[in-house]
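For reference, the structure discussed in these notes is given below.
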Amino acid sequence: MPAHDFQPGREMSNEVDAKTARERAKAIAEQRRAERRNRKRKCVVCGVEESDKTPLTAHPEGIGPACKDEVTCQGRRASMGR
């Protein structure tokens, strides 16, 4: 290996690059977590967004969130299918 390939200070530059890459990755991950927290949940049966009027609970078959009032949910689904 030739002696001129060694560049003093190059190791420090790699450490700085790695640090900035980690910080950038942390910022992206935090942004994605915030977006996930703020996203509205939707009923898997009728597609309505969760609100105070339409609270969602776990679907009995475990396929995702569903409206608490099953009769109203089925009515919305039927009216949307027309």
Using a basic spin-label model with each label point 7 Å from the Cα along Cα→Cβ, how many nm lie between Thr57 and Glu70? 1.0
How would you rank Asp69, Asp17, going from fewest to most other Cβ atoms within 10 Å of each one's own Cβ? Asp17, Asp69
Interchain or long-range residues, amide H under 5 Å from His59's placed H: Gly64, Ala66
Under 17 Å from the Cα of Lys68 - lysines, other chains or at least 8 residues apart: Lys40, Lys42, Lys53
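Values quoted throughout were computed directly from the atomic coordinates according to the rules given, and no laboratory measurement underlies them. These figures come from a predicted structure and were not determined experimentally. Virtual Cβ from ideal backbone geometry, glycine too; neighbours counted across all protein chains shown.
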